[in-house]
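Chemist: Mind having a look at this structure? Questions to follow.
The values are calculated or read from the model by the stated rules, or taken from the named source; none is laboratory data. Remember, it's a predicted structure, so these values are computed and weren't measured experimentally. Cβ: placed from backbone, ideal geometry, glycine included. Neighbour counts: every protein chain shown. Side chains included, ligands, DNA and RNA excluded: accessible areas come from the protein's heavy atoms. Shrake-Rupley method; radii C 1.70, N 1.55, O 1.52, S 1.80 Å.
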Amino acid sequence: MDFSLSAEQSQMRDMVADFVDEEIVPVAADIDESDEFPTDLVAEMADLGLMGMPFDEEYGGSGLDYHAYAACLAEISRGSGGLGTVVAAHTSLAGGMLDAFASPTQKERFLTPLNEGTDIGAFALSEAGAGSDVPAMETTAVREGDEYVIDGEKLWISNGSVADTVVLFAKTDPEAGRKGISAFVVRPDEDEGYHVEGTEHKLGDKGCPTAELRFADLRVPADRLLGEEGDGFLQALKTLNAGRITIAARGVGIAQAALDEAVDYANEREQFGQPIGDFQAIGHKLADMDTKLQAARLLMHRAADRKMRGERFVKEAAQAKLYASEVSREVANEAIQIHGGYGYTKDFPVERFYRDAKLNEIYEGTSEVLRNTIADELR
């Protein structure tokens with residue numbers, strides 16, 4: 001099993017890495033401070049083909065395989081955790097749903113603008129009482145002639161306040177539980193009844209707006225249904241499963257950024273007449289940080305490999321996301337410790353890495369849920 005990137009994959013990753021170093025890293029602290037959606041950077045990434053990386057060129061995508069996509073998303077996340085979420089929610093979730101379950105006509109109309117980056121995508125699944133427990137959702141969609149009338153609320157929706165295309169889940173048969181959930185394509189600027197109630201003031205992940213949405217008599221044409229009525233729950237599970245690979249990539253990218261900063265600081269900071277990196281205690285921290293990071297990267301590529309081979313990858317994606325999420329927080333924590341008091345201030349970026357890393361353990365499957373998933377796969 002060879003996870004070495006090909007020359008083409010490496011070239012794409014290096015191009016993204018250069019863009020990150022030149023365009024994202026210099027403004028990452030500003031994005032974190034302002035918490036504003038980085039419209040200009042997203043437009044630049046669209047010009048580079050980074051908003052539809054794993055999708056077919058027929059629909060405006062870049063045609064990358066999942067190894068290259070994950071490696072590139074890790075680089076974006078190395079520059080900004082918030083921007084990593086913007087791309088992951090747009091691509092893996094909204095784009096992933098359309099790529100897998102939309103008709104050719106729907107793909108041409110909705111997926112192509114997402115892949116080209118002229119539209120931004122969001123994935124509206126979670127509710128205040130339905131996070132990990134998806135079937136507990138209360139949003140409903142009632143068929144009336146050639147339309148569905150949608151009423152309800154969604155919470156924690158990444159890109160929800162800036163999205164042009166939203167994949168929205170609602171119950172078309174409230175009595176059928178998970179078999180009564182369906183998915184629709186919603187266009188906030190076109191469909192009356194889509195309301196942004198506000199965005200969350202979060203610990204980290206700044207620059208990616210996390211919205212609370214409300215739908216009041218939202219009328220959506222019937223041809224916006226993805227697949228058949230009742231398909232939504234399984235569609236969501238399959239999409240989130242692939243999305244976990246990209247959250248693993250976000251964790252890998254943040255951990256890499258934290259390690260890089262820690263190594264640089266350990267080599268520059270002197271105490272007792274020598275760089276602190278020369279002390280065994282610091283050297284061992286750095287060794288453990290890098291070892292965990294490399295293991296997380298391999299788990300990410302293992303999951304990507306199984307996905308590309310068309311093999312079942314539920315356990316592998318869960319393990320990659322679980323481990324990379326926890327490693328990103330652990331590595332960021334150690335980076336702060338190596339920086340000492342400076343690491344606790346905004347003068348150095350490691351505190352931002354820690355805040356950004358924590359989210360990995362919560363969204364797209366909490367660490368607790370992922371452990372249940374892995375255990376179930378072992379039975």
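Chemist: Sort PHE55, PHE101 from largest to smallest accessible area, using a 1.4 Å probe on the heavy atoms of the protein chains.
Modeler: Descending accessible area places them as PHE101, PHE55.
Chemist: Taking the Cα centre as origin and putting +1 on Lys and Arg beta-carbons and -1 on Asp and Glu beta-carbons, what dipole magnitude results for the range 173-270, to the nearest 20 debye?
Modeler: Approximately 320 debye in magnitude.
Chemist: Taking the dipole about the Cα centre of the range 231-329, with the C-beta of Lys and Arg at +1 and of Asp and Glu at -1, give me whichever of ILE276, ILE254, ALA318 is farthest to the positive side.
Modeler: Of ILE276, ILE254, ALA318, it is ALA318.
Chemist: Considering only GLU270, GLU127, GLU153, give the residue with the highest GNM mean-square fluctuation for the chain, with springs between Cα atoms whenever their separation is below 10 Å.
Modeler: GLU270
Chemist: Between GLU144 and VAL369, what FRET efficiency follows from the Cβ-Cβ distance if R0 is 45 Å, with the result rounded to 0.05?
Modeler: After rounding to 0.05, the efficiency reads 0.80.
Chemist: If you put +1 on each Lys and Arg Cβ and -1 on each Asp and Glu Cβ, how big is the dipole of the chain around its Cα centre, in Debye rounded to 20?
Modeler: Computed about the Cα centre, the dipole is about 1480 debye.
Chemist: Along the Cα→Cβ direction, 7 angstrom out, place labels at GLU270 and ASP376. What is the inter-label distance in nm?
Modeler: The modelled label-to-label distance comes out at 5.8 nm.
Chemist: Rounding to the nearest 10 and keeping the result within 0 to 90°, find how far the Cα-based axis of helix 314-339 lies from the longest principal axis of the chain.
Modeler: So the inclination is approximately 40 degrees.
Chemist: Under 5 Å between amide H atoms, partner at least 5 residues away or on a different chain: which partners does SER103 have, H built in plane at 1.01 Å?
Modeler: GLY227
Chemist: Another one. DSSP beta bridges in the chain, what fraction antiparallel, as a percent rounded to 5?
Modeler: In the chain, DSSP labels about 85 percent of beta bridges as antiparallel.
Chemist: Loop only by DSSP, 16 or fewer other Cβ within 10 Å of the Cβ. Give me the chymotrypsin sites (Phe, Trp or Tyr not before Pro) in the range 251-302 that pass, ordered by residue number.
Modeler: Here the sparse-neighbourhood loop sites are PHE272, PHE279.
Chemist: Next question, about the same structure. Mind pulling the angle between the C-alpha long axis of helix 232-268 and the longest principal axis of the chain? Nearest 10 degrees, somewhere in 0 to 90.
Modeler: 20
Chemist: Using mean Cβ contacts within 10 Å as the protection proxy, how do 319-331, 199-211 order, highest first?
Modeler: 319-331, 199-211
Chemist: Want the number for SER4 to GLU116: 0.36 nm per residue separation, take away the alpha-carbon distance, what's left?
Modeler: Extending this stretch completely gives an extra 37.5 nm.
Chemist: How many nm separate the modelled label positions at ASP278 and GLU36, each set 7 Å beyond the Cα in the direction of the Cβ?
Modeler: 4.6
Chemist: Would you kindly find the accessible area of MET308, with a 1.4 Å probe and non-protein molecules such as ligands, DNA and RNA excluded, rounding to the nearest 10 Å²?
Modeler: For MET308, solvent-accessible area is about 90 Å².
Chemist: With contacts defined as alpha carbon pairs under 8 Å and 6 or more residues apart, what's the relative contact order of the range 183-315 in percent?
Modeler: 19
Chemist: With the cut-off at 1.5 for a/c, could you classify the range 1-45 from its C-alpha gyration tensor as rounded, prolate or oblate?
Modeler: prolate
Chemist: Sticking with this one: Rank ARG312, ARG214, ARG371 by accessible area, highest first, at a 1.4 Å probe radius?
Modeler: ARG312, ARG371, ARG214
Chemist: Right, next: Among the listed pairs LYS202/LYS321; LYS154/LYS358; LYS206/LYS292; LYS154/LYS238, which have their C-alpha atoms separated by more than 24 angstrom in this model?
Modeler: Correct reply: LYS206/LYS292.
Chemist: Under unit Cβ charges (Lys, Arg +1; Asp, Glu -1), what dipole magnitude, rounded to 20 debye, does the range 1-58 have relative to its Cα centre?
Modeler: Here the range 1-58 has a charge dipole of around 240 debye.
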